[in-house]
Amino acid sequence: MEGNQIMRDFEWFLLHVAGTKKSTKHQYLHYVKTFLVERFEHVSEKAISKLTPVDIIQFMMNKKKHYEVPYLKAMTTALRSFFRFLALKGLCDEKLASAVPAVAGWKLSNIPKYLTKDQLAILLSSFNQNRADGLRGYAIVLCMSRLGLRRSEVANLTIDDIKWRSGIIRISGG
């Protein structure tokens, strides 16, 4: 089996077995392609079967020099998923997924970034609430500042997600 077929099978696996969203699938495929292109001149079952933990660790150490923690964490997740897929197909040792090193990045290791009350008040007052786009911007900032929603969560909200009478907002897809 050639590299293109392996990637098509992995894509199918992500969508139909692992149940990943299309955006996650694209991200995973990008990371895995990056690994395969950098590691192999020609991707094949035979080449993949010769992968060792050292190959994976060297790849990740090289990426650590050029990328930030969130990118590296996403890459390690994608690679682990790929190696589990390969193990299911019998193309590599099942322990190869555990060879992908963990990326240290603690959530509270940086000083939190936030606006002061005065800065938030200035930001909120900058929206023209007499216009639809101003009301929209005002609502977005309120959702992020008062409810602690992420930008992707706010962007994915629909009117059906809001239960007006009970004061409940349903966050989905996260």
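A few points about this structure:
- Test item: Cα-centred dipole of the chain, Lys/Arg +1 and Asp/Glu -1 on Cβ, debye: 520
- Considering only the Cα atoms of the chain, their convex hull presents on average a projected area of 14.1 nm².
- Burial order of peptide ranges 129-137, 55-63 (average beta-carbon count within 10 Å, highest first): 55-63, 129-137
- Here the residues R150, R84, ranked from fewest to most Cβ neighbours within 10 Å of their Cβ, fall in the order R150, R84.
- In the range 3-99, taking the dipole from charged Cβ atoms about the Cα centre, the farthest positive-side position among V32, H42, T52 is held by V32.
- Charge sum, other residues only, whose C-beta stays under 12 Å from T76's C-beta, Lys/Arg counted +1 and Asp/Glu -1: +4
- Cleavage-rule hits, GluC sites (Glu not before Pro), the range 22-57, DSSP coil, Cβ neighbours within 10 Å at most 15: E41
- In order along the range 150-163, phi translates into HN-Hα couplings of 7, 4, 5, 5, 5, 4, 8, 5, 10, 4, 5, 7, 9, 9 Hz, rounded to whole numbers, per the Karplus curve 6.51 cos²θ - 1.76 cosθ + 1.60 with θ = phi - 60° and x for Gly and Pro.
- Gyration tensor verdict on the range 1-71 (Cα atoms; rounded if a/c is under 1.5, prolate if a/b is larger than b/c, oblate otherwise): oblate
- Ordering of 142-148, 28-34 by packing [mean C-beta count within 10 Å, highest first]: 28-34, 142-148
- Reciprocal of mean inverse Cα separation for the range 117-169 (Kirkwood radius, Å): 12.0
- Straight-distance crosslink candidates among lysines, where the alpha carbon sits under 21 Å from K33 and sequence neighbours closer than 8 are dropped: K21, K22, K25, K46, K50, K63, K64, K65, K73, K89, K95
- Taking Cα atoms only, the orientation of helix 3-16 departs from the longest principal axis of the chain by about 40 degrees.
Every read-out reported here was derived from the displayed coordinates using simple, explicitly stated rules and does not represent laboratory data. Because the structure is predicted, anything quoted here is derived from the model rather than measured. Cβ coordinates were reconstructed from backbone atoms using ideal geometry, including for glycine residues, and neighbour counts include every protein chain displayed.
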